[in-house]
Structure formats: structure tokens, C-alpha cells
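The values are calculated or read from the model by the stated rules, or taken from the named source; none is laboratory data. Quick caveat, the model's predicted, so the values are computed rather than measured. Note that each Cβ is placed from the backbone with ideal geometry, even for glycine, and that neighbours are counted across all protein chains shown.
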Amino acid sequence: MAAISSEGDLDFNQLKVLARDELIRTLESMPDSKDLVIEPKLMKILDRIAGAQLLRNHGASKIFKLELNSPKTDSGQRMYICRPTAENMKVIADHIKSDKQGGKKTSYTVALIPKKMYICEVIMEEEGVYGDVTFEECKLGLIPLDNDILSLELPEFFKSFYLHGDQSWISPIVNSLINLQVIFHKIPNISSQGRCAKMVLEMTKTIENLQGGVLGDPDHQIGHLFLIDREVDMVTPLCTQTTYEGLVDETFGINCGYCEFGKDVTGTDKNIKLLLNYEDDVFEEIRNRHITNVFSFLKAQAQHVQSGYMKGKNITQIGQMKDFVSNELKDLKQQSKSLTIHIGASEKILQQTTNEPDSKEHLQTEHAILEGIGYKDSFSFIEEKLDRQASASKTLRLMCLLSLTSNGLPSKDFKTLQSHFLQSYGYEHLLTLNNLRLCGLFTEQQSTEVSKLSMSDVQKLADKALKRTAFRAICKKWNLIPKDNVQLQNPSDMSYVFSGVYTPLICKLIEQTLMKSPSSTLEEVVKLLPGDNCTFTRTMSAKGKGSGAAKSSSKVVLVYFLGGCTFAEIAALRLLGAMKGYKFMFATTSIMNGNTLIDSMIDNGKGKS
Amino acid sequence: MGHVTADWNPMGEVYFRKSELYSMDRKWQEVADLKKFKIAAAPYGGPIALIRDDSKIMQVKGGARPIVYIFTSVGVQVASFSWKSLRVIHLAWTNTEDLMIIQEDGTVHLYDMLGSHKKTFTMGQDAKETKILECKTFRSFSGTGLAILTGSFRLFVVNNVEEPRLRRMAEVPGIEAAPSSWCVISSERQSHVLLAKENQLYLLDHGGHYQELTLELDTPVNAFIEMSVSFDHRFLALFADTGVFWVGSSDLKKKHCEFDTKSKTRPKQLTWCGGGAIVAYWENMLVMIGPDKDWVKYNVDSDVHLVAEYDGLRIIGTQTHEMLQRVPTVVEDIFKIGSMAPGAMLYEASREFHEKKSEKADEYIRMIQDQLPRAVQQCIQAAGAEYEPATQRMLLRAASFGKCFLSNMKPDMFVNMCQMLRVLNAVRDYRVGIPITYEQLKHLTLPVLIDRLILRRNWCLAVRICKYLKLPETEGESRILGHWACYKVQQTHVADDQIARAIQSKLGDTPGISYSEIASKAWECGRAGLAVKLLEYEPKAAEQVPLLMKMDHDDVALSKAIESGDTDLVFLVILSMKDKKKLGDFLMTLRNQPVAQSLYMQYCRQQNPDMLENLYEQVDDYLEMANIKVSNSCVYGSEKNVKTQIDMLHVAQENYKKGNNEFATKMTEEQIKLLTYQRNMEADLKQPYLNLSIHDTILELLLTNRTKLAEQLRKEFKVPDKRFWRIKIEALSENRDWIELEKFSKSKKSPIGFEPFVEVCYKYGNLTEANKYVPKVPAENRVRMYLRIGVLEQAAEAAFQIKSEDDLNLVLMKCGVQNKQLAAKIGTMKSQLGKNKNTNMG
């Protein structure tokens, strides 16, 4: 298959420039010098768009994190930059009230990312500070995290949509999609799966209709768009990823592209924050590799660097030396710094698997659950983990996986695990378990109990029942669980991202759709998936003549995950792209993994959720 | 046809012409005895309004109420209504062609051109108390302005009657009688009043300041009794009691001329003809005075009314409607007898060619060969300045003829003029009756002309003009259709359905049509049903919802908002519903709209937790109610308020029970029990136990050797053996009580095997103890356990014992380089195993 030329790459830089301009416009909306108070979660996002210098150039004097207490400062102008949540508004309102009590005269601008929501005004009004505040919208949509990944960086989307049924974030998603199509032109083929995807698609169509531009654009730079709900495949995020990037995320946590490595990794006495993306040559080489295939590369690379330094030692002539210092030495230094960290990180990851007493069994159990064998053993393994008070979120991942793959647990087991869980971690987690149940992650097999449930519960559960698809049936139809051993070193099967045990369902769905597998098989499986499936192709507008099919851009596929995606899925699709000649681009509400997913569900009643 | 110059009159260097626009309609002729009426005519060929002038005719007792008539410029009546209110001081038209009727008490009524009342405002208390003496309207920088002189000789000005903000002008000191005359001079930012007290002039502003001005006149005067400002506020004419005119710039700095009329009578009307001349109207006579003291006199047989225009003056009489204007230079150049201007030559050439087929045409063309482009341009411009289509045609034909000799002339100018003339002729037609000139149109702009057609309900013509000129749909056609529809909904005699259908069929999905605006109009007319129907066609929910709310169709509004997916809209509706409805009804509505409900719940979670409980109560969602209580109990828990915490849990338990969740009921019950235990233990043992999990509570107890209590809890909470054993060995190892641990291991058969024993010993750093337990582990697990605690040699042996080459390899891998001895040993073991295997096979 012919490789995609670099023309096929989308230039995400445009998005970055737009985002920066929007930020500048927002800052300039409050002229002159002002203090910035930024919601901590947004710090990294702003970092990615603009440095502190840029903020300074546009009037930021001091920068604070948004906290419960009003920042101590005398500046007469203050700009808050935050998400349009009720929580933030209350905090800001409290700041203003306490400032007033202290007799401070300050003018306030609240810049909301990505849009102003009505609720913000309502709350400010209820708190009695509406008149003191100027609202400003800062329309930051998708942020380029990498040369093929865009993210809204809205990790809270999953919970608010799937658990609370809150649709407030749909319209920012729709806007992001419309903006993308303004920059990269109308996408001719669109497929969607899931209820959120359906809503997004419908709203997008409505807006396009109003703008009068539904026709395809022959200049399109993206050939196919997939809009997919996270809900379609909840199994994948619960599994332990086995690619390097996935494991780095699960072990150290990657936030907005940045990863902070501790002293044990850096080998020095300070933490190092590293931007992990395509610009880091070493990382780019190993990010998608199976973890077992990383060390050998790093070793070879280390030798290479060493021989590079050696070369420097052997230089005798001044001219050569100068050449060496100015050209190679810098690269070598850069490489060796990056190598040190990645070697440290991979060591730490491998250590973890050996040091934790049950990590091997944990992985084995995970695999057994996926393959649907040894239910009893898996169950008692989980029980044992609970008895030992092993990490709650890791254990919950297994519990949920067990529930998802067997369409809910039998009533007795369901209760046993729950009461074990509560005995270990405390009664409050009744709320956590309730959240998991409502999201369909940890459920009881449906029996005759329906009659006992309240009306709203029946409705909720009926919804969930739809999506608790026959996991086994799908696995079988699409061969998600490979029977043969899968090559992990030079992978040719997407399942390598889970050590050859499981192929991420969404990736398979995309493969099957793109490869135009016989529609009957596709339909059979799609029927089992939650939410509606919808595919449509735009009729092309008359202008321009070249047939779209011949263009390289038709091979550019954008996959938009609604509710988050994992690095494993990204790696799998990158592999698929390399094999089948597609160029995959990713957009997501956030990058997630099993820990972040489970942690977002944990509710011990103390923190406000 | 007479010669074009037949109605020209020379005045000094220039010519003026007076030409008839229309002969007035019969209806006008019957009504309009101008002596008896107050009259107001709008500029730009606008409508004319009449009302009986009670000051001129003594009111007959019990006489009929006066009638307000509205006519077009042709004299076709468009509306009339009887005036029931106080005496009318003044009539005037605004710049949007609304009729302004000013009552003597300062109340101002605005009517649209078709006689429907639009709004009312007043000119303040002073006017109300002392009545208005005199009233003037003027074109201000921001619209149409209105100025009044009250009975207390104060002046008040409103700069824009659309947004009336009353400003009191500065007062002239010692004014005890009405000023001799006054007028308003409006500049870019402000309006000033020029006031004459006898022969002393004052310029007043609204900031309380005035400026005294003195005019040096050649002949002394006693008082200025009349004044007039030109259309563009640049020129001013003053008339003195001695019959002398002063004409000059409106800032009084430049004098054009002084002119003695020798008439001491005050003129009936004093009006500028464009910016070129001032026209004074006395009985039967119009006198026009130019800037250089030139003058022309016209006789008039009957009463007339003068209307100042941007480029001239209209004279409305009972029979005819005439236009008086300076002959535009370009027209003069072409038609003046003996003119040698290129345009004139071209015009002649064209006539020779077309009418006489004479070769003289060629001669004329040759004469102006070099100036031909200029000639063509002149003919085109002159056509624009002509009113008669026949003259226009001849001029355009000449232009076209001239163009034949030019190869590189751009056609735009010619085409544009043809188009504009077609539009002008169409609106000048007596059926429309807007006698507007080309210059005026340029000044007024086309969109405004379209607006005026819309006001006159000339939908069809307006649409055709837009289409003909290819105006963008949103500015042109859609806008007109929108207005048409708004008019249509006011036809109360037609059924809702029929109107809705008619509108939809005509408007369809035309871009730029706002159905919500039409619906809004329908609602204003009291047709809620129609409004709802029309809103159905509105594609933008953001437009639908607010109106639906205004009409109290909240439920529909909510559905529409939800459909749109715009959560802000949903919120807007919900919160307004919350205020309007009773709580129960409100909650019931939410119950039927899950999307709205979720949204509102999200809001309540933050802002109004009590409401959240209400919501759940409303839908009998006991489980969620219980969850809230659990959540609350946790908060009290962290505040160490055990009593309330337990109270909360009791409520939660109750609700879980109601919600048929046996499991949660039981768990809650146990938690209450646990808390009670913990509380008592804290009291007894002076150690913190509260809010530990069962596991941790027992662990804490065992760590402090409170075995009995631990046992009690174990039984009470049915802690499984396996867990209890794990807690126990954890506690023992943490306390480094290795003897007790060993005793315990032997107390009965371990339900958890012995691997955990190895683990805990290892965890608390006692390898010897750990080593003790490995042999008790099943053979196949021993290797792993030895490896775990790092005893490689024994691991190797264990592997050898179970004859596992894989395990041996595993151990070998751990050996590394340092332990060569062991590596060798493993090598031997492996080869032995291999041998045995072979022997077995053999």
C-alpha cells in the first residue's frame, strides 16, 4: 500500500494560531495591566497555547491559581479564566464578596472557556455580584496536543454526560466540529456510533443547514469522519495498556501532553516535566511500541549516542571540532537527556510489574476475563485483592471488566463483591458503586427484580440494558480476541496494544467500515452496539471537477472520540493506518485511561462531585 | 413637445425651472382648500397630511371634530381619521415617514403613514402647564428633531423623536414676550436654537449657555420676524420687519446679500430652494432671491404650500404639484441656447442623425472628437436630472450614439443610469406617487427608498426593484417578504391556518427570513394561535424559544429548546418556569423532560441541594434521595458530628428500604451499627476509630491487641475468615510478633494458604520468618515465593524439585553476573532434568 504523502498531513498549527489569537483577544478585552486567576486545570492548556511571556505581553501582571480564597493582591483589575461551571462561579462570587467586604475596589472580568453558559450569569445574579462582573467568552476549542491529536481537554465530559445526562458540553463539541470543517473544509463521509455522536451529528447538520452549506467541498482535506461515543466500548479503557505511551500515561499520568517524572526516573534530585510528542525523536520512536520492545531500542540508542560522543573525542582538527560542537553535540545532548528519562521511565514501569506482588496475576486475570475463561478464578482473585486492600481503582477496573464481559454479574456475586469492597474501603463508596452501576460499568444481571425498581430506575436501566451488549457475540463475530499468538515486536494486528489479547472494539469498527466489509456482517455487529449507527455521504458541490476519490486527502480519516480515548486506541489506529495506507487524525474530549475513568467515578461523599 | 428650456427662468448667471410633477387627484382637490388647513408634507416626495386649522376658522359650536387626512404626493388619500384629542399645534413628518401630531399641551402622537397609532410621548411639564406657543421640526444629526416654545417662553428640544430625550435650551435673559422669531440649527453633534429678540440674535445650546450675536445691516431694522434654515443647515435667511432680507451662512459669519423687498408684511412661508435661493411666499406671489441679489417672481393663483427639498422646492397647490429647482449645470450645458459644450454638440449630432438622417451629425461629432467621452458623460448625467421620460430617452439615445464612436468606454455608467431611471420612473408613477429626483435618491439611498415602498405596501414593486437591481436577498427580497408577512398577520379577518399557509408558501425557506419576527408581530396583534403556527417554520430554536416563553407557551418552549440541543436555552426556559409555576407543577414538567431534568439537577447539585431532594421526592426516586443523605452524612462525618451523621443514615436507610434496595439497606444498617461501635470505642479507648472501614477498624483493634473486641466485630459484621486471617497476620507482623504469628499459622488450617504469610514477613522485613513459611506453600508456588524474598538458591532447588525447566530459567535470569556459582549449579540442574526427561522417554 502506498504510503500517504506528507501532503496528507493536516496542519494543526493553524488551530494553534487561532487559539492563541483568541486568547490574546480575550486578554485584551480588559485593557491595561491586570491579575490573572486561572483554574488550575486550564494552566497546562494555556501553557500549550501560549507561554507566560505572551500573557505578560498582553497585560498579565500576576498569575494566580483559582482557589477558595481570593488572591491577595492590590491590582484594580482582575481577570478570571475558567470553565463555565457552577462551582467556579460560586468560588469567584465568594472572592468578589470578600473583596468588597475588605473594601477593595476591583473590576472583574470572567473569561469562560470555551463558552459562556447561561447558568454562569444566573449564579452570579443569585450571589448578588452580577453587576460587578463582565463576562467574556474565550472560544478555545480543540487544542493540538500532537501532530495527529486534538483534544478539548474536557475530562469531566464523560461523567457529566454519561452519569448525569448533562448535555451542556454537546454544543462546544459541535462548534469544534464546525470549526474543523471551516479550516479543513467539509468532510464528505461521516459515520457515527452512539447517542452522543448522534446528537452531535444532528446539531451539526442543523447548523449547517442554517448556514446553507451542506454540500461536500471538493477541496476537503479530510476524507472520512468517525464520531464515536466512548460508551460504545467501555472494555478498552479498563484494560491495562501495554504500549509504551499507554503505560507512561497509566503510570505517571500525561496531562495535556506534559508528563512529570519523579526523582526515581530522572536520576537527579528534581522532577522533570517533559512534553511528550512527535518533537521528541526518541519518544516518537518508542511511543507505539509494545513495552517489551522498548528497552532493546533504548539500549541501541544509548550506544549510538555514546559512540557519537566518542567520535568527538577522536577529533583532532579544530575545524572538525567546531563542526561537531555546533551540529552534532547539541543533538546528542538533547538525545541523551531524553534517553535518560525514557530509560528511567521504562525501568520504573517494568519494576512495577515485578515489584507488586500480584501484578503478573493481575494481568493474567485481566486476560482471562477478556477471553471469558476461568470466571471463578478471576472472581476469587478479585476477592483476594479486596481482602488485601489492594489499590481500589485497579481492583475496580477488574470488577468492571468482569461485569462488562459477562453482561453484569449474577446477583449473589454482585452483592458479595460490593460488600467486600465496602468492608475494605469504607461504606461511603456505596456512592461510587452506585455511579458505576448507573454508567453500566458494574451491574447486576437482570432478573425478575425489575418490578421492584422505581420508575426512573427502570428507565435508566433499560437504557443501560441496550448498551450492555452481548460482548461475547461481538468478540466472536469480529475476532476481537485473536486465537493465534500475535507478534508484539513487529506488530501486524491491532491487538498488540493489549499484548495480543484484545483488539479495541472501536478500532475494529473503524477498520470494518473503511474496508467496506460486507454490510451484512457490519450490520449484525452494529446492531449489538449501544446507540444508533449512522453513515452518510455528502453530495459534492458542483464547483471543482477532480473526483474526490483519487485525492490523497480521501485517505485522511478523522476519528472523534466523545468521552475520551486511550493511547492504546491511538496506537492501534496508527498501526492500521500504516498497514492500509490511511492517515488517521484524532480528536477527543480528553485522553483517558482506566485509572482516570475509575477515579472520576469514585465518590466518597466528601469532595463535591 | 415644447423645448426643454420653455420653463426655465434666468436668475443672474443661473437658470431656475418650475415644472409640474402631477396634477392632483380629484379627492385632494375636493378636500384641500389650503386656507383652512394645517399642512405637513414630507421631503423626498413623501406623503402629505392635513388637519383643519382651528386658529384660522372660528370653531362653530358643536362643530364636527377635525379630521386628519393623509395623502400621497399625487393627492390620493391613503388614510383619514377624526381627531378626538386636544387642539393640534403642529403637524410634521419624521424621517421614517411617521406623522407627528403635536398637541397644545405638549403631547406628541406618532402615527404611521397609514394612520395607525404608533406611540405617544410628551414634551414635559412646562409645556403641559403653559401650553405650546410654537413648534418646529428639524432634521437633526440623529433623526428627526422637535423643538417647542412654551407659554413661559422657554425652549425645549428633542433631537430624535424615536428616543425622545427632552433638553431645555438656555434662556435669554429678560425675555418677557415671545421672541420675534426663532429656528433650530443642527450641526454634527448638537442642535442650537437661533433666537431673535427684536433685532438682537442669540444662539442657545442645551448646556445653559447662549451667545449674543449682532448683525451689521446696511439699513437698520427693528426686529427679525421670520427666519429659515436651508435643508442642509448650511444657509440661513432672516426677514426683518422693514422688508429686508439677510441671506448668508447659518453661522452668521458670511453674508451673501441683503435684499429689500419693500414689503413689510410677514411672508406666509419662507423656504429654501435647495441651497441656491430663498423663496418667500406672499399672497399670490412667490419671490425667489439668489445669493447675488438676483430675483425672480412667480405668480400663484391659489394657496400653495412649499416643501424644501435637498435639491429644490416643491410647491403643492390645490390643483397641481410643482417642482422648482435650479437647472443642473449639466442640463444647462446641453440645452442652453447656443451652448457649445460637448454634450450639447453630441445631443445635436444625435438629433441630426436619428430625426433628420442628416450628414450634419458627422460634422457635429467631428467638432467634439476629442471631448467625446465627456460629451457622453454629460448626456448620461443630464438624463438623470430630467423628469420627463421622453427627454431622458433622447439624452440616453445621444449618449448611446456617442458611445458608438468610442471603443474603450466602460458601459457601467450608462447601464447604471438606465437602471436607476427605470426605478425612478417607476416610483414617480402616479400610482405610487413618490416624485423623487436622482440627486435626492442618491442622498436618501436605495435601501431607504425600498423601506418607503414597504411602508406604502408596494410589496410587489419593491421586490421587483430588488430583483431588477440584483440586491442581495437578505437586504432586499427577504426583508420585503418579511414585512409583507408582518402585514399579512394583521389581517384579522383571515383564518390563522390560511395566513400561515399563505406566508409559508410565499416565503418558503428564503434565507434571511425571520419567522419569529413575523410570529412576534402576530402575537402583538393578539393572534397567539397564528404566532405558534408561524413559529413552527422558524428553523432557529434560539429565535423560537424566547417568543414562546413570552406567549406563556412554556411547555412548547421547553420542548423546542431541548430539540435544539442548546442547553442555555433549556436553562432559560427552566428557570423562568421555576418562577412562574407552582413548585409541584414545575417538578412535574421536569419529570416529563429528562434532558431538562438532568440539566436542572446538575445545577441544583451546585446551587440548590434542597431542590435536588425535592426533585427526587417528586419522582419517588428513593434511591437517589438516600444517596443524597449518604453524601450528607459523609460531610457530617468529616466534621466529626456523629450524631447527625447517624441520623442522616437512618433517613437514607429508610429511603433505600422504600426504594427496595435490600443490599443498600443492609449496608446502611451495618454502617450505623459500625459508627455506634466506633463511637463507643472512641469513648472507651481514647483512640480514633470513627469513619474507618470495617477492615481498618479490626486492624486497629488487633494492632492494639484488643482481640476480643475484634472478634466481636468480626462476628457482628460477618467478616469472612479469609479477610480476618489477612487482617490478623498483617497486624501481627506489623507488631513484629513473629511468635504469635507462627502460633496463629498453626491454630487451624489457613483459609488463605501460606503465601500471604511469606508476603507479610517480607513486607515487614523479616526474611528468616518469611523463609519459614515457604515450605508450607504448595510446591508449584514455592519458586515464586523464594524469588519474591530473594532467596535464589532455594528457589533453584524448589524448581528442581518440581522438575520445572521454565522456573529454573526464571531463577537463572535473576542470577545476573555476580552469582556465577549458582548459575553454574542451575546449569547442572537443567542438564540433569534434561537427562531424566530423556531417560523417562527412553
Residues of region B:600-635 satisfying the condition of being among the aliphatic types (A, V, I, L, M) and at the interface with chain A (Cβ under 8 Å from one of its Cβ atoms): B:MET601, B:VAL619, B:LEU623, B:VAL630, B:VAL635
A:ASN604: within 14 Å of chain B (Cβ to nearest Cβ) and at pLDDT below 90, yes or no? yes
From the residues in region B:573-599 that are among the basic types (Lys, Arg) and assigned to a helix (DSSP H, G or I), which one is nearest to the other protein chains (Cβ to nearest Cβ)? B:ARG591
Can you name the residue in region B:800-833 that is hydrophobic (A, V, I, L, M, F, W, C) and assigned to a loop (DSSP other than H, G, I, E, B) and, of all such residues, is surrounded by the fewest Cβ atoms within 10 Å (Cβ to Cβ)? B:VAL817
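Just name the residue that is nearest to B:LEU441 (Cα to Cα) out of those in region B:46-71 that are in a loop (DSSP other than H, G, I, E, B) and at pLDDT 90 or above. It would help to see each step written out before you state the result.
Filtering region B:46-71 down to residues in a loop (DSSP other than H, G, I, E, B) leaves B:46-47, B:53-66.
Adding the requirement that they be at pLDDT 90 or above leaves B:46-47.
Numbers: B:GLY46: 12, B:PRO47: 16 Å.
Among residues in region B:46-71 that are in a loop (DSSP other than H, G, I, E, B) and at pLDDT 90 or above, the one nearest to B:LEU441 (Cα to Cα) is B:GLY46.
Just to be sure, is A:LEU422 under 30 Å from B:GLU716 (Cα atoms), touching an Asp or Glu at 6+ places or on another chain (Cβ under 7 Å) and within 13 Å of chain B (Cβ to nearest Cβ)?
Values: under 30 Å from B:GLU716 (Cα atoms): yes; touching an Asp or Glu at 6+ places or on another chain (Cβ under 7 Å): no; within 13 Å of chain B (Cβ to nearest Cβ): yes.
Answer is no for this residue.
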Kindly check whether there is at least one residue in region A:196-208 that is small (Gly, Ala, Ser), in contact with a helix residue (DSSP H, G or I) (Cβ under 6 Å, 6 or more places away or on another chain) and within 30 Å of A:MET43 (Cα to Cα). no
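Residues in region B:296-310 that are part of a strand (DSSP E or B) and more than 42 Å from the chain's Cα centre (by Cα): how many?
Of all residues in region B:296-310, those part of a strand (DSSP E or B) come to B:296-299, B:304-309.
If we keep only those that are more than 42 Å from the chain's Cα centre (by Cα) as well, we get B:296-299, B:304.
Count: 5.
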Consider A:ALA93 carefully, then state whether it is out of contact with any Lys or Arg (no Cβ under 9 Å at 6 or more places or on another chain) and either touching a residue at least 40 places away in the same chain (Cβ under 8 Å) or among the aliphatic types (A, V, I, L, M) (or both). yes
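Residue by residue, here is whether (1) in a loop (DSSP other than H, G, I, E, B); (2) surrounded by 19 or more Cβ atoms within 10 Å (Cβ to Cβ); (3) touching a helix residue (DSSP H, G or I) at 6+ places or on another chain (Cβ under 7 Å) holds:
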| position | (1), (2), (3) |
| --- | --- |
| B:ASN95 | yes, yes, no |
| B:HIS109 | no, yes, no |
| B:MET113 | yes, yes, yes |
| B:GLU129 | no, no, no |
| B:GLY145 | no, yes, no |
| B:PHE153 | yes, no, no |
| B:VAL157 | no, yes, no |
| B:ASN160 | yes, no, no |
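Is there a residue in region B:485-500 that is surrounded by fewer than 19 Cβ atoms within 10 Å (Cβ to Cβ), assigned to a helix (DSSP H, G or I) and out of contact with any helix residue (DSSP H, G or I) (no Cβ under 9 Å at 6 or more places or on another chain)?
If we filter region B:485-500 for residues that are surrounded by fewer than 19 Cβ atoms within 10 Å (Cβ to Cβ), which is where we start, we get B:487, B:490-498.
Subset that is assigned to a helix (DSSP H, G or I): B:487, B:496-498.
Cutting the leftovers down to out of contact with any helix residue (DSSP H, G or I) (no Cβ under 9 Å at 6 or more places or on another chain) gives us B:498.
So far as region B:485-500 goes, yes, one or more of its residues are surrounded by fewer than 19 Cβ atoms within 10 Å (Cβ to Cβ), assigned to a helix (DSSP H, G or I) and out of contact with any helix residue (DSSP H, G or I) (no Cβ under 9 Å at 6 or more places or on another chain).
Tell me, which residue of region B:526-572 that is among the hydroxyl-bearing types (Ser, Thr, Tyr) and either assigned to a helix (DSSP H, G or I) or within 21 Å of A:MET117 (Cβ to Cβ) (or both) is farthest from the chain's Cα centre (by Cα)? Step through it out loud before you land on a result.
Keep residues of region B:526-572 that are among the hydroxyl-bearing types (Ser, Thr, Tyr), which gives B:537, B:559, B:564, B:567.
From what's left, either assigned to a helix (DSSP H, G or I) or within 21 Å of A:MET117 (Cβ to Cβ) (or both): B:559, B:564, B:567.
Values: B:SER559: 24, B:SER564: 20, B:THR567: 20 Å.
The residue in question is B:SER559.
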Might you check whether a residue that is assigned to a loop (DSSP other than H, G, I, E, B) and under 47 Å from the mean Cα position of the chain (by Cα) occurs anywhere in region B:284-295? no
Selection count, region A:381-416, where residues are of a type in the set (Gly, Ala, Ser) and assigned to a helix (DSSP H, G or I): 4
For region A:120-168, give me each residue that is part of a helix (DSSP H, G or I), over 29 Å from the mean Cα position of the chain (by Cα) and within 13 Å of chain B (Cβ to nearest Cβ). A:GLU121, A:VAL122, A:ILE123, A:MET124, A:GLU125, A:GLU126
Subset tally (residues that are touching a Gly at 6+ places or on another chain (Cβ under 8 Å) and acidic (Asp, Glu)) for region B:215-248: 1
Considering each residue of region A:417-447, count those that are closer than 22 Å to B:SER631 by Cβ and in a loop (DSSP other than H, G, I, E, B), and give that number. 6
Could you go through region A:464-484 and let me know if any residue there is in contact with a Phe, Trp or Tyr (Cβ under 9 Å, 6 or more places away or on another chain), under 30 Å from B:VAL619 (Cβ atoms) and at pLDDT below 80. no
Note: among A:ALA52, A:ALA86, A:ALA60, just one is touching a helix residue (DSSP H, G or I) at 6+ places or on another chain (Cβ under 6 Å) and of a type outside the set (Ser, Thr, Tyr), namely A:ALA86
Is there any pair with a first residue in region B:722-749 that is within 13 Å of chain A (Cβ to nearest Cβ) and more than 16 Å from B:ASN705 (Cα to Cα) and a second that is of a type outside the set (Asp, Glu) and in a helix (DSSP H, G or I) whose Cβ atoms are under 9 Å apart and which are 6 or more apart or on different chains, and what are they? B:ARG723/A:LEU386; B:ARG723/A:HIS420; B:ARG723/A:GLN423; B:ARG723/A:SER424; B:ARG723/B:ILE694; B:ARG723/B:HIS695; B:ARG723/B:ILE698; B:ARG723/B:ARG714
If you take the residues of region B:637-695 that are outside any helix (DSSP H, G or I) and away from chain A (no Cβ under 11 Å), which of them is surrounded by the most Cβ atoms within 10 Å (Cβ to Cβ)? B:TYR689
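Which fully enclosed helices (runs of 4 or more DSSP H) of region A:169-243 have 2 or more residues being within 14 Å of chain B (Cβ to nearest Cβ)?
On the way: elements: A:170-184, A:195-211, A:235-238.
Helices (runs of 4 or more DSSP H) meeting the threshold: A:170-184, A:195-211.
A quick yes/no check of all residues on (1) more than 19 Å from A:LEU150 (Cα to Cα); (2) touching a residue at least 12 places away in the same chain (Cβ under 8 Å); (3) not in a helix (DSSP H, G or I):
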| residue | (1), (2), (3) |
| --- | --- |
| A:VAL557 | no, yes, yes |
| A:ALA568 | no, yes, no |
| A:LEU573 | no, yes, no |
| A:ASN604 | yes, yes, yes |
Output the number of residues of region A:404-425 satisfying the condition of being crowded, with 22+ Cβ neighbours inside 10 Å and out of contact with any helix residue (DSSP H, G or I) (no Cβ under 8 Å at 6 or more places or on another chain). 0
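Tell me which residues, restricted to region B:186-210, are of a type in the set (Asp, Glu) and under 15 Å from B:PRO173 (Cα atoms).
First, pick out the residues of region B:186-210 that are of a type in the set (Asp, Glu): B:188, B:198, B:205.
B:GLU198, B:ASP205 - these are the residues of region B:186-210 that are of a type in the set (Asp, Glu) and under 15 Å from B:PRO173 (Cα atoms).
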Working only within region B:550-568, note down all residues that are of a type in the set (A, V, I, L, M, F, W, C), within 12 Å of chain A (Cβ to nearest Cβ) and surrounded by 24 or more Cβ atoms within 10 Å (Cβ to Cβ). B:ALA561
Hey, does region B:354-375 have a residue that's out of contact with any Lys or Arg (no Cβ under 8 Å at 6 or more places or on another chain), buried (at least 24 other Cβ atoms within 10 Å of the Cβ) and either of a type in the set (Gly, Ala, Ser) or not in a helix (DSSP H, G or I) (or both)? yes
